[in-house]
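Peer 1: Pasting a structure here, questions to come.
The values are calculated or read from the model by the stated rules, or taken from the named source; none is laboratory data. Predicted, not measured: the structure shown is a model, and the values here were computed from it. Here the Cβ positions follow ideal geometry from the backbone for every residue, glycine too, while neighbour counts run over all protein chains shown.
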Amino acid sequence: MKLYTFWRSIATFRVRMAMNMKGLKPEVEFVDLLKGHQLSSDYSKVNPQKLLPSLVLDDGGPPLFQSMAIMEYLEETHPQPPLLPKDARGRARVRGLSQICVSDAHPLSVPRIRNYLTKNLKLSEEQMLEWVRHWQKEALGTLETLLSGDKSTGRFCHGDQITIADICLVGQAVGSSFFQVDVSAYPTVARIVEATQKNEAIARAHPLKQEGAPAAVSH
Ligand SMILES: N[C@@H](CCC(=O)N[C@@H](CS)C(=O)NCC(=O)O)C(=O)O
């Protein structure tokens, strides 16, 4: 398998965590998002949406796209350790928590949106950051309410096993921290993120541990 990746990509971080959990070691190819290499004609042939991640399978067919779809594919083809609960209600909860991060919060902070706000709509850097932080805090607040108010929450988002919801929550928290959003203001979220990051496979996938990453990120 070949994963198109970049240290800063939170969506790719999610896939990296899932692959590490399942003991999969893909070949990697770097696409520098900060230099706009996702927009190159070469990469748009791999992923017409011009986004990371993309995962090329060993069967040589068209690459997989969208981190949730890729994680679900990995879960179906490499079921151990399971990253989804066995029961339908549990799976719906895990997917719901995941989608708050993946579908609602994260898309509002990605380079193409930030660039559109500053370049096309002429927002200042500060206004753009205010936008990103607002939506990250909205998501974190909702996640805090859902996690703290449900007895299905355990050591992790759903019981005591790491699921795709924890992967998405860690991505959400790390992404928010890149914009100086204080995740400790959401105590259940912060507790679960800390517990999940104690897992070696999760910790190894951290953006700042990837090739080309800086020591810290200001936004
Ligand atoms: N919903 C997509 C999001 C993909 C996405 O937005 N990826 C970002 C990096 S995390 C990207 O490639 N952005 C490039 C850009 O916005 O130009 C997924 O979960 O895979």
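Peer 1: Conditions: (1) within 16 Å of Gln210 (Cβ to Cβ); (2) modelled with pLDDT of 95 or more. Leu34 meets all but one. Number of the miss?
Peer 2: Of (1) within 16 Å of Gln210 (Cβ to Cβ); (2) modelled with pLDDT of 95 or more, only one is false for Leu34: (2).
Peer 1: Suppose we filter Glu130, Glu211 for residues that are in a helix (DSSP H, G or I), over 16 Å from the mean Cα position of the chain (by Cα) and among the charged types (D, E, K, R); which single one remains?
Peer 2: Every option except Glu130 fails the conditions.
Peer 1: Residues of region 197-214 being over 24 Å from Glu130 (Cα atoms) and of a type outside the set (D, E, K, R), which ones?
Peer 2: Hits for region 197-214 are Gln197, Asn199, Ala201, Ile202, Ala203, Ala205, His206, Gln210, Gly212, Ala213.
Peer 1: Sort out which residues of region 102-118 are within 9 Å of the ligand (Cβ to nearest atom) and under 18 Å from the mean Cα position of the chain (by Cα), and write them in order of number.
Peer 2: Val102, Ser103, His106, Pro107, Ser109, Val110, Pro111, Arg112, Ile113, Arg114, listed by residue number.
Peer 1: Please tell me if Arg8 is in a helix (DSSP H, G or I) and either within 12 Å of the ligand (Cβ to nearest atom) or surrounded by fewer than 16 Cβ atoms within 10 Å (Cβ to Cβ) (or both).
Peer 2: no
Peer 1: Give Asp182, Asp166 a once-over and let me know the one that is under 22 Å from Ser109 (Cα atoms), surrounded by 24 or more Cβ atoms within 10 Å (Cβ to Cβ) and without any contact (Cβ under 8 Å) to a residue 40 or more places away in the chain.
Peer 2: Checking each option against the conditions leaves just Asp166.
Peer 1: I've got another one for you. Which one of these is aliphatic (A, V, I, L, M), away from the ligand (no atom under 15 Å from the Cβ), in a loop (DSSP other than H, G, I, E, B) and farther than 30 Å from Gly149 by Cα: Leu83, Leu24?
Peer 2: Working: Leu83 fails: farther than 30 Å from Gly149 by Cα.
From the options Leu83, Leu24, the qualifying one is Leu24.
Peer 1: Now for a separate question. When you scan region 47-68, do you find a residue that is within 12 Å of the ligand (Cβ to nearest atom) and assigned by TED's automatic domain parsing to the domain that holds Cys157, even just one?
Peer 2: Checked against the condition, which is being within 12 Å of the ligand (Cβ to nearest atom) and assigned by TED's automatic domain parsing to the domain that holds Cys157, region 47-68 yields no hits at all.
Peer 1: Exactly one condition in (1) under 26 Å from Ile164 (Cβ atoms); (2) within 16 Å of the ligand (Cβ to nearest atom); (3) surrounded by 15 or more Cβ atoms within 10 Å (Cβ to Cβ) is false for Trp131; which is it?
Peer 2: (1)
Peer 1: Please specify each residue of region 11-21 satisfying the condition of being within 11 Å of the ligand (Cβ to nearest atom) and of a type in the set (S, T, N, Q).
Peer 2: The one that is within 11 Å of the ligand (Cβ to nearest atom) and of a type in the set (S, T, N, Q): Thr12.
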